[in-house]
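The values are calculated or read from the model by the stated rules, or taken from the named source; none is laboratory data. What you see is a predicted model, and the numbers here were worked out from it, not measured in a lab. Methodologically, a virtual Cβ is constructed for each residue, glycine included, from the backbone with ideal geometry; neighbour enumeration extends over all protein chains shown. All accessible areas refer to the heavy atoms of the entire protein, side chains included, with ligands and DNA or RNA removed. Shrake-Rupley method; radii C 1.70, N 1.55, O 1.52, S 1.80 Å.
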Amino acid sequence: MKTSQKGIDLILSFEGFSSKPYLDSAAIPTIGYGNTYYPGGKKVTMKDPSISKEKGAELFSSVLPTYEKIVKNKINITLTQNQFDALVSHTYNTGGSDTLFSLINKKANSETIKDWFISRYITAGGKVLNGLIRRRKAEADLFFAK
């Protein structure tokens, strides 16, 4: 399974684009569409040169399969496309959550999964961030969309 355009659009809408390296809300050097590393694993540094939107799109496309693979390896039940997309978005942003993956694999009830989605991973640098609250809600909404 691969991330659909709907899933890609969700990720990109929350990540936005930056041609120059910046420190994200967790003080991690980031560039392009939320990339913290380059293909091959080299981490982004604040001294890296600026990139074009085209290069940012290439960079995003080259690292997205890493997050798809995490979801595929951690989930052992059949997912809908929307569920897969929501989990890839979450994993792209957080690195993934074994607790969330476990709830899904155990087929926890919808309310438990939704509550987990919207109440976790909403802080960075010790502060609750409205952008993360919106993202988690959008991911939960997509996960449960028919």
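Numbers at a glance
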quantity	calculated
Relative contact order of segment 12-97, defined on C-alpha pairs under 8 angstrom at six or more residues apart (%)	22
Whole-Å semi-axes of segment 76-146's equivalent ellipsoid (Cα gyration tensor)	20, 12, 11
Per-selection Kirkwood Rh - the chain (Cα, Å, 1 d.p.)	15.7
Sequence-separation-based contact order of the chain, relative, with Cα cut under 8 Å and 6+ spacing, percent	23
Asp98, Asp24, Asp85, ranked by accessible area, largest first (probe 1.4 Å)	Asp98, Asp24, Asp85
Computed over segment 1-49, Cα set: Rg, Dmax in Å	11.9, 36
Reachable lysines, given that their alpha-carbon falls under 24 Å from the alpha-carbon of Lys106 and they are not under 8 places away in the same chain	Lys2, Lys69, Lys72, Lys74, Lys114, Lys137, Lys146
Helical contribution to [θ] at 222 nm, DSSP H n ≥ 4, -39,500 (n - 2.57), averaged over the chain, rounded to 500	-17000 deg cm²/dmol
Apportionment of accessible area to carbon and sulfur, segment 79-146, percent (1.4 Å)	51
Acute angle (nearest 10 degrees) that the helix 130-143 long axis makes with the longest principal axis of the chain, alpha-carbon atoms	50
Surface accessible to a 1.4 Å probe, per residue, for the residues of segment 3-142, Å²	53
Dipole of the chain, positive end: most advanced residue of Ser102, Asn82, Tyr121 [Cβ charges, Cα centre]	Ser102
Magnitude of the charge dipole, the chain, Cβ model with Lys/Arg +1 and Asp/Glu -1, debye to 20	140
